[in-house]
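Novice: Quick one: the structure is below, questions incoming.
What follows is calculated from the coordinates using simple rules that are stated; it is not laboratory data. Keep in mind it's a predicted model, so treat the numbers as computed, not measured. Note: ideal-geometry Cβ built from the backbone for every residue, glycine included; neighbour counts use all protein chains shown.
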Amino acid sequence: MKKLIIAAGLMTALALAAFATTGGLPVSFAGSWTLDKEKSQGLSQRMQNAEKVTCVIAQDDKTISVEWKVEGGQPPAGGGGGGRGPAGPQTYNLDGKEVTSDAGGQMGGTNTMKATWSEASKTLELMSVRAGSFNGQDFKATTTDKMSLSADGKVLTIVRHSESPRGAQDSTLVLNKQ
């Protein structure tokens, strides 16, 4: 009986240690990821025309930070990068609390972000709402990314839904770990 209790205690300690080292989530999304255009669907024109699209994710026990880098190609006609959100990394709290920051850039405004882990679907939902004013017109753009990893941790899939004054867009981004 004593051996059973010790074994159970060790298993619990190992599980807690694994949970703590993956950033408070049961998985780690950290790494540098490259977009696989052939396997992705519904890409923005900017991502489709790019020579290379990279997503760099940093994760610790309290936050996850996501930064998109689009290299080469031309922005779509009419301006706008067709990318996601403001330049630079977006940082989300892993405790489920919203983070609001100054969006900066030409349009200014605010950016409110929230991360939610779903144990049932094994996905991390990252929701971002950017609100501001451009040329005297108020705007609001919402993006929800549902991130999941393949069993071997080498493929990141992001199911994205975006809504902005330009309309709604759905896409599935498939990225390979570098």
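Novice: Please list, by residue number, everything in the range 26-40 whose backbone N is under 20 Å from a paramagnetic label point 7 Å out along Cα→Cβ of residue 150.
Specialist: Zone members listed by number: 27-40.
Novice: Hey, can you rank 129-140, 149-160 by average C-beta count inside 10 Å, highest first? Present the calculation step by step, with values, prior to reporting the outcome.
Specialist: Details: 129-140: 13.0, 149-160: 15.0.
Result, highest mean first: 149-160, 129-140.
Novice: Answer rounded, prolate or oblate for the range 23-177, using the Cα gyration tensor with square roots of eigenvalues a ≥ b ≥ c: rounded when a/c is under 1.5, else prolate when a/b is larger than b/c, else oblate.
Specialist: Numbers: a/c = 1.85, a/b = 1.20, b/c = 1.54.
Taking the square roots of the gyration eigenvalues as a ≥ b ≥ c, the range 23-177 is oblate.
Novice: Cα-based count: Lys pairs in the range 23-177 below 15 Å, eight or more positions apart or different chains?
Specialist: For the range 23-177, qualifying lysine pairs total 15.
Novice: Largest first and in whole Å, give the semi-axes of the range 89-163's equivalent ellipsoid, each being the square root of 5 times a Cα gyration tensor eigenvalue.
Specialist: 28, 13, 10
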